[in-house]
Amino acid sequence: MDIGSIIGLILGLGAVLAGFLLEGGHLNDLVAQSSPLIIVFGGTFGAVVLSFPLSEIKQVPAALSTVFKNKKTDPIGIINHLSELSEKARKDGLLSLEMEAQNSENEFIRKGLSLVVDGIETEVIKDILDRELELRESIYEKTAKIFEAAGGFGPTMGVLGTVMGMINVLGSMGASPDGLGEKIATAFLATMYGVGFANLVYIPIGSRIKAKAANERMVNDLIIEGLLSIQAGENPRIIKEKLNLTLIEKMNGKGEGKKGAPAAETEAEG
């Protein structure tokens, strides 16, 4: 589990609810009426489905799981592992890495090593691995855009729900004033749902997906650089030093992520 994501979600929603209760509100007041829920969440979901192909919508659960799963991406450990592989290759040859190509815990290292052991040309290996990274990153990016879109639609649906509620309120102004305050409160619930979930859930999740994608890209870039250095027969100590410098540059924002953007900060998760 990614504790940071869970803490952030609980802290954000909890702070809002705590403030509401301190003002004298009751939790039952937030869920007693179903119409604001239907308008805001139903409208937001419908707008998102209309905006994106179903093939992209289907990728949401898998990408969402990355937000709350703690995937190991320890760059220091990977650099040390690549250094060990380079020492083995230098002593016993590239073919000695065949077992590592099958048993390495890191899927990307397994794939890259298989290409190196098979004697594929350097440019071809780099092209294959870069294209796979682009494919993975595009999936993350599309999913992040879906959540960002939901963050844009949510407040709008909230305002729409409030306007619809106020129409009912104004339409009953000439009748008995009984329950008028409750109707107004119900109308404004829609705005609260729309703005609250957009800024506490949808947009932060989209940002978290992008951050994890950038971190994964950074680590995989290190793997590509290390594997190509192993194939070239470079000194293991030089490889380790070079990868450490690359990591430091990326962590300080000097390295380039996708399309020249600074790489996200590294999370040594485990």
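Got a sec? Which helices (runs of 4 or more DSSP H) wholly within the stretch 5-113 have at least 1 residues that are more than 22 Å from ASN215 (Cβ to Cβ) and not aliphatic (A, V, I, L, M)?
27-31, 43-51, 54-57, 75-92, 98-103
If we scan the stretch 161-184, do we find a residue that is in contact (Cβ under 8 Å) with a residue 40 or more places away in the chain, assigned to a helix (DSSP H, G or I) and charged (D, E, K, R)?
no
Out of ILE109, ILE125, ILE57, which single residue is modelled with pLDDT of 90 or more, over 30 Å from LEU200 (Cβ atoms) and surrounded by 15 or more Cβ atoms within 10 Å (Cβ to Cβ)? Give the steps one after another, and end with the answer.
Values: ILE109 fails: modelled with pLDDT of 90 or more; ILE57 fails: over 30 Å from LEU200 (Cβ atoms).
Every option except ILE125 fails the conditions.
Show the residue pairs that are 6+ apart or on different chains and have beta-carbon atoms under 8 Å apart, the first residue being within the stretch 70-96 and farther than 12 Å from ILE109 by Cβ and touching a residue at least 40 places away in the same chain (Cβ under 8 Å), the second being of a type in the set (Ser, Thr, Tyr) and surrounded by 16 or more Cβ atoms within 10 Å (Cβ to Cβ).
That search, which allows pairs on different chains as well, returns THR73/THR266; PRO75/THR266; SER86/SER229.
Could you please find all residues in the stretch 1-33 being modelled with pLDDT under 85 and over 16 Å from PHE68 (Cα atoms)?
PHE20, GLU23, GLY24, GLY25, HIS26, LEU27, ASN28, ASP29, LEU30, VAL31, ALA32, GLN33
Looking at the stretch 164-186, is at least one residue at pLDDT 85 or above, touching a Phe, Trp or Tyr at 6+ places or on another chain (Cβ under 9 Å) and under 27 Å from ASN70 (Cβ atoms)?
Scanning the stretch 164-186 turns up no residue that is at pLDDT 85 or above, touching a Phe, Trp or Tyr at 6+ places or on another chain (Cβ under 9 Å) and under 27 Å from ASN70 (Cβ atoms).
The values are calculated or read from the model by the stated rules, or taken from the named source; none is laboratory data. Computed from a prediction, not measured in an experiment: that's the story for all the values here. As a convention, Cβ positions derive from the backbone with ideal geometry for all residues, glycine included, and neighbour counts pool all protein chains shown.
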